[in-house]
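Below is one structure; the comments refer to it alone.
The values are calculated or read from the model by the stated rules, or taken from the named source; none is laboratory data. Every value quoted in this text rests on a predicted model; they were computed, and no experiment measured them. Here the Cβ is made from the backbone with ideal geometry for all residues, glycine too, and neighbour counts use every protein chain on show.
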Amino acid sequence: MLTSALVSLPTATVGEAAIPATGVFTVAWLLVALPLLGAAVLLLGGRRTDRWGHWLGVLASGSAFLVGAVLMVATLSAPAAERVQDLHLFDWITAGSFELAAGLRIDPLSLSFVMLVTFVGTLIHVYSVSYMEHDASRRRFFAYLNLFVAAMLLLVLADSYVLLFVGWEGVGLASYLLIGFWNHSMPNAVAAKKAFVANRVGDLGLLVAIMILFGAFGATDFETVFSLAGGANEGLLTAAGLMLLLAACGKSAQFPLQAWLGDAMAGPTPVSALIHAATMVTAGVYLVVRSAPVYAGAPNALLVVAIIGAITLLFGAIVGCAKDDIKKTLAASTMSQIGYMMLAAGLGPIGYAFAIFHLVTHGFFKAGMFLGAGSVMHGMHDEVDMRRFGELRKYMKITWITFAAGWLAILGLPPFSGFWSKDKIIETAFATADGQGWQPWVFGTVALVGAGITAFYMSRLYFMTFHGTRRWTGTEGAPAAGQHAQNPHESPALMIWPMIILAVGSIALGGLLAIGDGFVHWLEPVVGHTEHHDPVLPIPVIMGATILLVLAGGFLAWRQYAASPVAVVPPRGSVLTRAARRDLYQDEVNEGLLMRPGQYLTRSLVYGDRQVVDGAATGLARLVASSGEVLRKLQNGYVRSYASTMVAGIVVLVAVVLAFRI
Amino acid sequence: MQDQTFPWLTTLIVVPLIGAAVLWALPSAARRHARPIAVGFSLVALLVGVLAALSFDSADAGTHQLVEQASWIPAFGVSYAVGVDGVGLLLVLLSVVLVPLVLLAAWREHPDRAAAGTEGTASAREVVAGGRIRHYMALVLVLEALMVAVFAARDVFLFYVLFEAMLIPVYFMVGAFGGLQRRYAAVKFLLFSLAGGLVMLAGVIALYLQGPGGPEGFLVDNLVGTEMSVTTERLIFLAFFLAFAIKAPMWPVHTWLPDTAEQAPAGTSVLLVGVLDKVGTFGMLTLCLPLFPEASRWAAPVIIVLAVVSILYGALLAIGQSDLMRLIAYTSVSHFGFIVLGIFAFTSVSVQGASLYMVNHGLSTGALFLIAGFLVARRGSQRIEDFGGLQKVVPVLAGTFLVAGLSALSLPGLSTFVSEFLVIVGTYGANRPAAIVATLGVVLAAIYVLWTYQKVFTGPVRPELAATPDLSVREKVAVAPLLGLMLVLGFYPAPALDLVREPASQTLEDVGVQDATASYADETSTSTTDDGSDQ
């Protein structure tokens, strides 16, 4: 009632208002239901489903992709004004003034994610059929993967913050289960818990944001919140925006909640590709962009988003330069690339579309590279130390070529995918909306320098792995102590084909989506149309400088890691290298600031509870209960005396009643 | 209200009592059938409970229904009066659902854990257990009857008698069937409850004296709206509240719970924490608030602080525990903090959340205690450090524990989330700092649940645990309904919410506070219009 009355008011909604879903869109619930059903069958079916369970998993994810594709086509054929649809599912929570229906929002933003998640997700399902072939628990693995896909789709399709929160925590759970998939090894179990707890700190932000929004607007569904946000006061929106940012930091491994992502690499590599590179970790960016109408009235919160993005961008890039573990290097890179997306989102309406654009192209090339890393590990006895790789291009040609496609894409060289999206972010960073003050210069420079560092560490990874001299021991010689004899070989077809498809995406997707600014226009019904802002530097200068820095970074890496021999034992390195190897001491900081004091607090409380609280309460109870004599009897354990006390109590009651009433 | 034809609630109280009597009267030849008989009676009670629920009109859940009333001691104004509103009905249902599961879970378990090591051969132990388990199950049935009665009592004196009488079966269930320190634990439980009970007794008397008196002077309905001086009302309120706070249990009178849960058999803890302790929060909601509205409003700010302290304190203590059962007990201290917070935040959203929380907490903690009981029975120890790597050995047990644990940390999709969410969102409308600080409990919950899971189920398999059997069919049947209810009520809480909506607004009306969450909409529209007129 209230909702419908207010929607018609002129408001500051950024994109189009939603219309009720009709026709083919009413089946959108299948997107969530199909993978969820897959997960349920695989988990409840137990060992009976071991033989075919993995194919069921592929089928569930694949059919979700087909449903998504149908919705995509239907949306593309609808006029722009009708591309935002809300599908009411059922009344979920109705309590007093809190009324919430479970519903889905099908619009260009959610559909972009649906396509990314289901397409890349299905490829990774297929890849995993082979990658996890020798794991006794492969069925359980696929159950968790399906659970993840369902939760991720719920996250992006939800039409309210509360339902989004269900998906938000759901992907956290799936991530926890998958990072700890091999949790018979304690470090993996610890990494899984660390990820969940760090995420929970972020989730707390989302909960508080929901409270603030409900407190202000009496609703948590996007339609109402966004239509009322225009008239709300700035302080409130800033608080909500900052809390949403906290949530985004947890999920997307942004500073200062970034510490879990590197450890999350303990999960099987397909998981790293899907969850910790292409999709889940980008949910924070989704949250910020989705909340554009909230941030529209909170420029300061938006500025903080950009600052966090810029810090993380550099943080990840620096860490990436020092890691020798191929997966951890990729993880640092993911963190840094999401920093780019955050930065773009923090630039506001002029950056939202590019944040999502980069998110999509990154989803392809980073997933491709992770699958490539998995292929390398598959052929190298699960070795992850790049100092023990080298010259692998001769042994795994397809992995090498597909990885090269991803490498060129992340470098941002034209015409590969990353160029189209990342270059736009750098350009926009030089052109913050008001075009004034320190912001364009700082953000622009950070983005520019970041591109150069990215080129260095990604080339370092690429050269150390596929080029240079071989630093592993083949089957012909005796392996060094603690080393396996390596017999690098190309992976089977089920692993190769997903890599090839993602490589094609890494090469061409960015260019295709950039034709006529197609992707930007596609998102306009959600993020609104924005006039072009001129950067503080001419565009050709920015572009030229970017390419120059990228080439320089690549060249440095080539000189150091391809043209000259790489030490098998890492050199001591400079202060900065040593700090970067330890993730700039993030764990030490967390330990010193949170864990140690927390443990101390917990231990003192445990002691205090026994000695002080229990002592006082027991003493008081004794005092109140009765005289020491009765207590002594009670402590002898005679219930009789208790019963008699009760009888005595009743007698007293009766006596008093009689005395006063009769 | 009075067109009640069948005495559903009395039947629900009598059936388990008959069951207990039958068990105790069994001739020795028939004693081996004690278990099916006990479970049978509990299932009949469940059936009666469901039928009672079906004849309950949920559209009118704010009114007490299934009402029965008979004069008991008219000279003192005492009546046998029972009836339930939506909240009472939910808690009655929770009791009758949990009891069969507890009995099923205790089926083969040797409840006398202290004696387990000292009994002779396996067969001798079996005989003893067979004899003792009969008593145990009979006590469970007696407790069931008392629990149903206390949630249904509509007479303050009847409520008080039942409130105290409940202690007796629990005392024996802990003191006779518990662990090594069971006597200490049982006495401590009794002492704390007794202390609260005696203070409450004084309150009960004082309340009667203030009330209208007469042959129905103890009826709740006759006492609501009693005129009292401010001081009197506050003192009587405090007497009731102390008893309920001990029962709930709230910080700082919670210390009996960890000791009791540590020593009690798992099934006893399920009923004790899952249902019986709810009498505390139920009493706050259905007695303190309507009977002492002014005093409730007066005390609310302090109680909210205590509730928030309980939430954080319980969670931090849970993180520091080395005993599985103590740990679960402390998580409950934290969860009871949420319930009390919701009640005393006085918003329709938070009160509904708290009402629902009572049921959901019963399901999730019940499941946790049951599953922890299965673990302890297998290992013969409840020290967390004695476990490790069990997920590989007993995947189904690990999975159920994880689901129950996720429910304890209020993962969305499981029922506890809905209630915890409503409590904090509702509280935010009345008391922002309390709501935000309480949210920290969300992070702490993740730590205590997942850390426990890590220590018990992950890492390398301990050699002595390598042959641990996974859940049997009987054990699966005992936990599956709880996990199923958690999921169903997580995604579709409407049936439960429909039952607590009216009672919540009724309660707020009794307390006489403006619902802070109801005014959101008005404020928003006002401010929007203001903005419009400024332009």
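Quick notes
- Scanning the range A:251-276 for residues being under 8 Å from the mean Cα position of the chain (by Cα) and either part of a helix (DSSP H, G or I) or β-branched (Val, Ile, Thr) (or both) gives a total of 3.
- Scanning the range A:166-189 for residues that are more than 7 Å from every other protein chain (Cβ to nearest Cβ) and either farther than 23 Å from A:LEU36 by Cα or within 14 Å of the chain's Cα centre (by Cα) (or both) yields A:GLY167, A:TRP168, A:VAL171, A:GLY172, A:ALA174, A:SER175, A:TYR176, A:LEU178, A:ILE179, A:SER185, A:PRO187, A:ASN188.
- The number of residues in the range A:207-228 that are farther than 24 Å from A:THR312 by Cβ, within 13 Å of chain B (Cβ to nearest Cβ) and either under 26 Å from the mean Cα position of the chain (by Cα) or not in a helix (DSSP H, G or I) (or both) comes to 9.
- B:MET250 closer than 30 Å to B:LEU327 by Cβ, outside any helix (DSSP H, G or I) and more than 10 Å from chain A (Cβ to nearest Cβ): yes
- Exactly one residue among A:LEU237, A:LEU204 is surrounded by fewer than 24 Cβ atoms within 10 Å (Cβ to Cβ), at pLDDT 90 or above, part of a helix (DSSP H, G or I) and out of contact with any strand residue (DSSP E or B) (no Cβ under 7 Å at 6 or more places or on another chain), and that residue is A:LEU204.
- Residue count, the range B:415-440 (criterion: among the β-branched types (Val, Ile, Thr), more than 8 Å from every other protein chain (Cβ to nearest Cβ) and crowded, with 20+ Cβ neighbours inside 10 Å): 3
- From the list A:LEU100, A:LEU109, A:LEU87, the lone residue that is assigned to a strand (DSSP E or B), in contact (Cβ under 8 Å) with a residue 60 or more places away in the chain and either under 22 Å from A:VAL289 (Cα atoms) or touching a Pro at 6+ places or on another chain (Cβ under 8 Å) (or both) is A:LEU87.
- Residue satisfying condition, being assigned to a helix (DSSP H, G or I), within 19 Å of B:ALA354 (Cα to Cα), in contact (Cβ under 8 Å) with a residue 12 or more places away in the chain and under 21 Å from the mean Cα position of the chain (by Cα), within set B:ALA300, B:ALA307, B:ALA318, B:ALA261: B:ALA307
- Counting only residues that are closer than 14 Å to B:VAL253 by Cβ and of a type in the set (A, V, I, L, M, F, W, C), the range B:303-316 holds 4 of them.
Yes/no per residue for (1) at pLDDT below 90; (2) out of contact with any strand residue (DSSP E or B) (no Cβ under 9 Å at 6 or more places or on another chain); (3) within 12 Å of another protein chain (Cβ to nearest Cβ); (4) crowded, with 21+ Cβ neighbours inside 10 Å:
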site: B:LEU143; (1), (2), (3), (4): no, yes, no, yes
site: B:PHE151; (1), (2), (3), (4): no, no, no, yes
site: B:VAL156; (1), (2), (3), (4): no, no, yes, yes
site: B:LEU162; (1), (2), (3), (4): no, no, yes, yes
site: B:LEU191; (1), (2), (3), (4): yes, yes, yes, yes
site: B:PHE218; (1), (2), (3), (4): yes, no, yes, yes
site: B:ARG234; (1), (2), (3), (4): no, yes, no, no
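- Qualifying residues in the range B:339-355 (those that are under 13 Å from the mean Cα position of the chain (by Cα) and under 9 Å from B:VAL423 (Cβ atoms)) - the one surrounded by the most Cβ atoms within 10 Å (Cβ to Cβ): B:ILE339
- Top-ranked residue of the range B:441-462 - restricted to ones that are facing chain A (nearest Cβ under 7 Å) and closer than 14 Å to A:VAL201 by Cβ, ranked as surrounded by the fewest Cβ atoms within 10 Å (Cβ to Cβ): B:VAL443
- Residues of the range A:552-570 satisfying the condition of being within 16 Å of A:GLY320 (Cα to Cα), more than 32 Å from the chain's Cα centre (by Cα) and not in a helix (DSSP H, G or I): none
- Qualifying residues in the range B:206-216 (those that are among the aliphatic types (A, V, I, L, M) and touching a residue at least 12 places away in the same chain (Cβ under 8 Å)) - the one nearest to the other protein chains (Cβ to nearest Cβ): B:ALA206
- Number of positions in the range A:191-206 that are more than 7 Å from every other protein chain (Cβ to nearest Cβ) and under 10 Å from A:ALA264 (Cα atoms): 4
- Note on the range B:277-296: residues that are assigned to a helix (DSSP H, G or I) and acidic (Asp, Glu) amount to 1.
- For B:THR365: the one exception among (1) assigned to a helix (DSSP H, G or I); (2) touching a Phe, Trp or Tyr at 6+ places or on another chain (Cβ under 6 Å); (3) more than 27 Å from A:TRP182 (Cβ to Cβ): (2)
- Residues considered: B:GLY178, B:GLY203. Of these, the only one that is assigned to a helix (DSSP H, G or I), among the small types (Gly, Ala, Ser), more than 10 Å from chain A (Cβ to nearest Cβ) and under 24 Å from the mean Cα position of the chain (by Cα) is B:GLY203.
- Spans of helices (runs of 4 or more DSSP H) in the range B:464-535 with at least 3 residues at pLDDT 80 or above and within 21 Å of B:ALA53 (Cβ to Cβ): B:473-491, B:494-511
- Count of the range A:469-479 residues, restricted to those that are at pLDDT below 75 and loosely packed, with under 12 Cβ neighbours inside 10 Å, is 4.
- Filter pass, A:PRO414 being within 30 Å of A:PRO538 (Cα to Cα) and at pLDDT below 90: yes
- Residue in the range B:492-501 that is at the interface with another protein chain (Cβ under 9 Å from one of its Cβ atoms) and charged (D, E, K, R) present: yes
- All of (1) within 11 Å of another protein chain (Cβ to nearest Cβ); (2) assigned to a helix (DSSP H, G or I) hold for B:ALA377 with one exception: (1).
- Tally of residues being within 14 Å of chain A (Cβ to nearest Cβ) and in a helix (DSSP H, G or I) across the range B:344-362: 12
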